[in-house]
Amino acid sequence: MLVGVLSWGLARRFPMRDYGPQHVEPFDRWFLVIALLLAAAVDEVFGPLLASSVDQLYLWAGSARQHVAAWSVPAQVAAYLVTTDFLGYWAHRFMHGRRLWRIHALHHSSRSLNWFSGMRGSPLHMIFVLAPGAMMASMFLLTQNRWAFFTLLFIEMASQHFTHSNVRVPFARQLEWLIVTPRMHFVHHHREAAYGNANYGFYFSVWDHLFGTYIDADTVPRLGELGIMEDYSLDSMFWGLRLKERPQGSREAD
């Protein structure tokens, strides 16, 4: 919560000039609570199942697991961030495909980006987002170290809130050779799919450069147009099973 408030303050003090004020939409005010409950539920139910699967996977590679356990905590943290972001890049990219877009559309439906809207997501979306971290935490034994756990929790929350906040970052274009900036992620939330289907990384931008999905914000017209072209109903986006257009003449609070 504190990181989110800090990101909000920075966005108000140092906004990107191509975007107007990013107001909190009514939908996000109450969905923040739902998002936290969903994330906790997904972690409580899905996390142990995934950890158990990873444990079974390592039964035939006990020496490798012992080798990882001998690493220093900073090495484990670095390995976690790199591998989680690599898997997260591909999970994110798959969610933009034709078959899985329905579970990701809710996250992109916001027409205003801030740390509140960054929490939007269907339950299935959250599983895809949390799965790489849960898997890598088990592989690198990070759950057994409190310092590593709280460090990574801070990094993950700070990254999520910061990249969804309208914050002007000095030398952003140069930094984007390595890390994801708000300028880069706002392009990912562009209304036009040609720009939205790009810049998939969460922490590092190197995957987008390596796999040809990086788009420089300086080449994108109408940067202020955020959200999605379609007018899907909120309930269909939340459940992520089948997207349905809103009936003509109706308008849900969002």
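So which residues in the stretch 112-158 are part of a helix (DSSP H, G or I), under 19 Å from Leu226 (Cβ atoms) and hydroxyl-bearing (Ser, Thr, Tyr), if there are any at all?
Hit for the stretch 112-158 is Ser117, nothing else.
Val180 is checked against (1) in contact with a Pro (Cβ under 9 Å, 6 or more places away or on another chain); (2) free of Cβ contacts under 8 Å to residues at least 40 places away in the same chain and fails just one. What number does that condition carry?
Every condition holds for Val180 apart from (1).
Would you point out which residue out of Asn145, Asn199, Asn166 is out of contact with any Cys (no Cβ under 8 Å at 6 or more places or on another chain), touching a residue at least 12 places away in the same chain (Cβ under 8 Å) and at positive phi?
Testing whether each residue is out of contact with any Cys (no Cβ under 8 Å at 6 or more places or on another chain), touching a residue at least 12 places away in the same chain (Cβ under 8 Å) and at positive phi leaves just Asn199.
Would you pick out the residues in the stretch 160-186 that are surrounded by fewer than 21 Cβ atoms within 10 Å (Cβ to Cβ) and either part of a helix (DSSP H, G or I) or not charged (D, E, K, R) (or both)?
Correct list: Gln160, Val169, Pro170, Phe171, Ala172, Arg173, Gln174, Leu175, Trp177, Leu178, Ile179.
Read through the list (1) in a loop (DSSP other than H, G, I, E, B); (2) surrounded by 15 or more Cβ atoms within 10 Å (Cβ to Cβ), then give the number of the only condition that Met229 fails.
(2)
Right, Asp235: touching a residue at least 24 places away in the same chain (Cβ under 8 Å) and among the acidic types (Asp, Glu) or not?
In short, no.
Residue by residue, here is whether (1) in a loop (DSSP other than H, G, I, E, B); (2) modelled with pLDDT of 75 or more; (3) loosely packed, with under 12 Cβ neighbours inside 10 Å; (4) within 19 Å of the chain's Cα centre (by Cα) holds:
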| position | (1), (2), (3), (4) |
| --- | --- |
| Asp28 | no, yes, no, yes |
| Phe31 | no, yes, no, yes |
| Val42 | no, no, no, yes |
| Val45 | no, no, yes, no |
| Ala51 | no, no, no, no |
| Val54 | no, no, no, no |
| Leu59 | no, no, yes, no |
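Does any residue in the stretch 210-229 that is within 17 Å of His108 (Cβ to Cβ) and basic (Lys, Arg) come within less than 9 Å, Cβ to Cβ, of a residue that is at pLDDT 95 or above and not in a loop (DSSP other than H, G, I, E, B) six or more places away or on a different chain, and which pairs are these?
Within 9 Å, the pairs are Arg222/His190.
The values are calculated or read from the model by the stated rules, or taken from the named source; none is laboratory data. Just so we're clear, the structure is a prediction, and the values are computed from it rather than from any experiment. Glycine also receives a Cβ, built like all others from the backbone with ideal geometry; neighbour counts cover every protein chain displayed.
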